Amino acid sequence: MRPYLISFLALASIMIPAATAAAAAPGGDGLEVSMRGKSFGMDELTAELPAGQATGVMDQLDLYRDWIGANDYHVSLSQDGRVLLVTSSKKIARRRMKLVEKTLEGFDELMSSPDQNGSNEASSRVGWGAAGDLSEQAPVVLVEVRKEHEYRSLLAGLGAARDDLASLVHQYGQRPGFSEEQCTAAIWQEAPADMEVGKVWRSENELVNRMVRLLVFRSYGPQPTWLSVAAAWSVELEVMRDIYCFPFRGEFVGVGEHGGWESELKREFKKRKKDPLSLDEFAGWRRNTWDDHKAQLAFGMVEYLSRHEPTVLSEVAEAFRLRYEAGYKTTYPDGTWETNPAYQVPVEDQLDALVAASDPELLQRASDFMRSWNRYRPRRKR
C-alpha cells in the first residue's frame, strides 16, 4: 500500500471548491430515503417514523444532504432505523442493506441493549465527547464513497459544517476511510487507489467492522479499545467468515491473520499453562494505536465470552459506560466542570467489572479456551 502523495495545500485546493459546490447544490432538497422496500420524501419519512427517531435521522442527514445531492448518492435506512446508509446507487444499496441487517442481527446477538434500570445516569449516549446535539435515537451513518475526490469533498464539507469536525481534513485526508465518534459515522472508499481490492481491501468487511464499532458506541458510549475493536472482529468473522478490517494498523497483514488468530493463540497458551491470561496484557490498549499482541488477546477474550458467557459482554460494557461517565468529567465546588477526552477506564476498574459480571476464575477459563478453542469444555463455576 502506498501513501497518498498529496500535499495538504493541494488537498485543500481540491476540497474547498468541492465543498462549496455541494453546499449550493439543489439535490439535497429533494432527497429521498429508501426504507423497508419503499422510497420516502423527507416529509413522508418524518411521518413514518416515531418522533424521536425522525429527529435523529434528520439531525444526521443535515450534515450530508448537500453532498448527497451534489454527487447523486442514494440514502437507505435500516428497518429499525439504527443505520443510515449512503451509497452511490440503489443497486449497491440493496446489496449493502442486506449486509447491514445481517450485521445488526450479529451485533444484537453479541451485545444486547444496555439495561439501565436503576441507573441515575441520564446523559445521551450518542452525544459522548462530541457536540452533544444529536438526538439519542440518531442512527449511525455509513457512507461508502465511489471516488477519491468525492471522499475529499465530503471531508471538507463536514469540516465546514461543524467547527468540531474541522480537523477531519488533517486527520483523514490521506487515508482511505475513517470512523468518527464525534458524528457517529464511518466513511470509506469503495476501492482506494493503490490498494489490491479483494486481497488487501474489502469494502464489505469495512462496512461490517466499522458499523459494529459505532453501534457499540451508540449503545454504550466510549469503551476500552479491546472491547470495541474485538467485538467488531467477532461480528465481522461471523458475518463475513474472515477479518479484513484492522483499525489503526499500517503494516502488512499476513494471509493467516484474515481467519483470526486462533492458531497463534493456541500455540501461545499451550506454552503458558501455568501462566494464565491477565487483564493488563490487553486492557490498556490505547485508543487509535495498534498493538499486535494486545489485538490477538482481545480477540481471544471476546471470542471466549461470546461463545461461553454471552451475557457478560453487555453487562461489562454497561459497567464501563458508568465508570467512564464518572471519570471523564470533573466537577468543581463552584459548579464549573471540565472533561478529559483522553480518559480511559482504569484496568483495575475493568477487572472489577468483569469479575462482578462473572467470577474471579474468568481469566483462567478464557486461557483454557484459547488453548483449545472448539475443543474447549467449560469448567463448572465454583
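The values are calculated or read from the model by the stated rules, or taken from the named source; none is laboratory data. Computed from a predicted structure; not experimentally measured. Because the Cβ atoms are built from the backbone with ideal geometry, glycine has one as well, and the counts that use them run over all protein chains shown.
Are any of the residues in the range 148-156 within 27 Å of HIS258 (Cα to Cα), of a type in the set (D, E, K, R) and part of a loop (DSSP other than H, G, I, E, B)? No, because not a single residue in the range 148-156 is within 27 Å of HIS258 (Cα to Cα), of a type in the set (D, E, K, R) and part of a loop (DSSP other than H, G, I, E, B).
Scan the range 160-217 residue by residue and report those that are polar (S, T, N, Q), closer than 25 Å to GLY81 by Cα and in a helix (DSSP H, G or I).
So the first thing to find is which residues in the range 160-217 are polar (S, T, N, Q), and the list is 167, 171, 174, 179, 182, 184, 189, 203, 205, 209.
Within this subset, residues satisfying the condition of being closer than 25 Å to GLY81 by Cα are 179, 182, 184, 189, 203, 205, 209.
Once the filter is applied, which keeps residues that are polar (S, T, N, Q), closer than 25 Å to GLY81 by Cα and in a helix (DSSP H, G or I), the range 160-217 yields GLN182, SER203, ASN205, ASN209.
Within the set of pairs 6+ apart or on separate chains, which have a first residue in the range 42-53 that is under 19 Å from ILE68 (Cα atoms), a second that is at pLDDT 95 or above and surrounded by 10 or more Cβ atoms within 10 Å (Cβ to Cβ), and C-beta atoms under 6 Å apart? From the range 42-53, the pairs are LEU45/VAL33.
The set of residues in the range 330-341 that are free of Cβ contacts under 8 Å to residues at least 40 places away in the same chain and within 23 Å of the chain's Cα centre (by Cα) contains only ASN340. Any residue at all in the range 167-190 that's over 28 Å from VAL302 (Cα atoms) and at pLDDT 95 or above? Yes, some residue in the range 167-190 is over 28 Å from VAL302 (Cα atoms) and at pLDDT 95 or above. Look at (1) in contact (Cβ under 8 Å) with a residue 24 or more places away in the chain; (2) of a type in the set (Val, Ile, Thr); (3) farther than 25 Å from ALA191 by Cβ and you find that ILE92 fails only one, number (3).
For the range 236-251, give me the residue count where each residue is in a loop (DSSP other than H, G, I, E, B) and either out of contact with any strand residue (DSSP E or B) (no Cβ under 8 Å at 6 or more places or on another chain) or farther than 26 Å from GLU101 by Cα (or both).
Of the range 236-251, the ones in a loop (DSSP other than H, G, I, E, B) are 241-251.
Of the ones still in play, those that are also either out of contact with any strand residue (DSSP E or B) (no Cβ under 8 Å at 6 or more places or on another chain) or farther than 26 Å from GLU101 by Cα (or both) are 241-243, 245-246, 248-251.
Total meeting the criteria: 9.
Taking helices (runs of 4 or more DSSP H) that fall entirely within the range 252-332, which contain at least 2 residues that are surrounded by 14 or more Cβ atoms within 10 Å (Cβ to Cβ) and acidic (Asp, Glu)? Please lay out each step first, then the result.
On the way: elements: 262-271, 292-308, 310-328.
Correct list: 262-271, 310-328.
Of all residues in the range 160-196, those satisfying the criterion of being without any contact (Cβ under 8 Å) to a residue 40 or more places away in the chain and either of a type in the set (Gly, Ala, Ser) or not assigned by TED's automatic domain parsing to the domain that holds VAL212 (or both) are ALA166, SER167, GLY177, ALA191.
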